[in-house]
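The values are calculated or read from the model by the stated rules, or taken from the named source; none is laboratory data. A quick note: this is a predicted structure, and the numbers were derived from the prediction, not measured. Please note: Cβ atoms are built from the backbone with ideal geometry, for glycine as well, and neighbour counts cover all protein chains shown.
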Amino acid sequence: MITKPAIRHAALSIIGLVLASCSAPKVRLDAPPTAEHVDLARYTGRWHEIARLPAPFQKDDEAAIADYGMNADGTVSVHNIAVRRDGSQRGIKGSAKVLNPPANTKLAVRFDTWFGPLIPVPEDGNYWILHVDERYQEAIVGTPDRKFLWLLARTPEISAQRKAALVAKAEALGFEVARLVTTQRH
């Protein structure tokens, strides 16, 4: 005989599974192509955000800096710094696991916060390196669902011509570049 508590437990389990499957981002079949290969040793170091798509975890009046390094276990150290217009800063640290060695273009990033493990990371990662120039001075990073996009450079500012070229590449990859928030400071 099936009891009411057993039915309640089964119903709650099914609801939990449905909610979990809804919250875990899915990779689109038409996900953008990544860069062919990324040399992580050359990619590590400091990157400045030039522009991005709006993100709930980033304020429009802040520019971001990302510092990447290599950890002994093969993961990439991540230190994101938000820089406010008044110069004050706030930061968050984490690590990224490469999901597709040796191409090294799809990473799963987790941040060292109490809620970090609760944030679902897609099976194919949440940090895709879509483009990096041959000198490792400019990069385009996005998510496979095209909800998030960052245009990055080694310097806080790049020329209007270089920025336009990055925007054009992002648009060709299917991102909504009309929504870009420019964070490059002049």
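Taking the criterion of being in a strand (DSSP E or B), under 18 Å from Arg46 (Cα atoms) and charged (D, E, K, R), would at least one residue in region 150-164 satisfy it?
no
Among what's in region 40-67 and is surrounded by fewer than 17 Cβ atoms within 10 Å (Cβ to Cβ) and assigned to a loop (DSSP other than H, G, I, E, B), pick the residue that is farthest from the chain's Cα centre (by Cα).
Per the stated criteria, the residue is Asp61.
Identify all residues within region 34-65 that are farther than 20 Å from Ser159 by Cβ and touching a His at 6+ places or on another chain (Cβ under 7 Å); write none if there are none.
Ala35
Can you report the number of residues in region 153-178 which are under 15 Å from Thr34 (Cα atoms) and in contact (Cβ under 8 Å) with a residue 12 or more places away in the chain?
Qualifying residue count, region 153-178: 6.
Which of the residues belonging to region 52-71 are in contact with a helix residue (DSSP H, G or I) (Cβ under 9 Å, 6 or more places away or on another chain) and under 20 Å from Phe175 (Cα atoms)?
Those that are in contact with a helix residue (DSSP H, G or I) (Cβ under 9 Å, 6 or more places away or on another chain) and under 20 Å from Phe175 (Cα atoms): Leu53, Pro54.
Identify, by number, the condition in (1) farther than 22 Å from Glu138 by Cα; (2) surrounded by fewer than 14 Cβ atoms within 10 Å (Cβ to Cβ) that Met70 doesn't meet.
(1)
Residue by residue through region 97-130, note down the ones that are out of contact with any His (no Cβ under 9 Å at 6 or more places or on another chain), farther than 18 Å from Asp145 by Cβ and at pLDDT 90 or above.
If the condition is that a residue be out of contact with any His (no Cβ under 9 Å at 6 or more places or on another chain), farther than 18 Å from Asp145 by Cβ and at pLDDT 90 or above, then Lys97, Val98, Pro101 are the ones that fit.
Cβ-Cβ below 6 Å, separation at least six or inter-chain, first residue in region 88-102 and over 12 Å from Val76 (Cβ atoms), second among the aliphatic types (A, V, I, L, M): which pairs?
Going by the 6 Å Cβ cut-off, the qualifying pairs are Gln89/Ile81; Gln89/Val83; Arg90/Ala82; Gly91/Ile81.
Could we say that Leu152 is surrounded by fewer than 20 Cβ atoms within 10 Å (Cβ to Cβ) and among the aliphatic types (A, V, I, L, M) here?
On the way: surrounded by fewer than 20 Cβ atoms within 10 Å (Cβ to Cβ): no; among the aliphatic types (A, V, I, L, M): yes.
Against the criterion (surrounded by fewer than 20 Cβ atoms within 10 Å (Cβ to Cβ) and among the aliphatic types (A, V, I, L, M)), Leu152 does not qualify.
Quick one: is Val38 closer than 18 Å to Thr183 by Cα, among the β-branched types (Val, Ile, Thr) and out of contact with any Gly (no Cβ under 9 Å at 6 or more places or on another chain)? Can you show your working first?
Details: closer than 18 Å to Thr183 by Cα: no; among the β-branched types (Val, Ile, Thr): yes; out of contact with any Gly (no Cβ under 9 Å at 6 or more places or on another chain): yes.
No, not satisfied.
Here are His37, His9: which of them is outside any strand (DSSP E or B), on the phi < 0 side of the Ramachandran plot, at pLDDT below 95 and not aliphatic (A, V, I, L, M)?
His9
So Lys26 fits all but one of (1) surrounded by fewer than 17 Cβ atoms within 10 Å (Cβ to Cβ); (2) modelled with pLDDT of 90 or more; what number is the exception?
(2)
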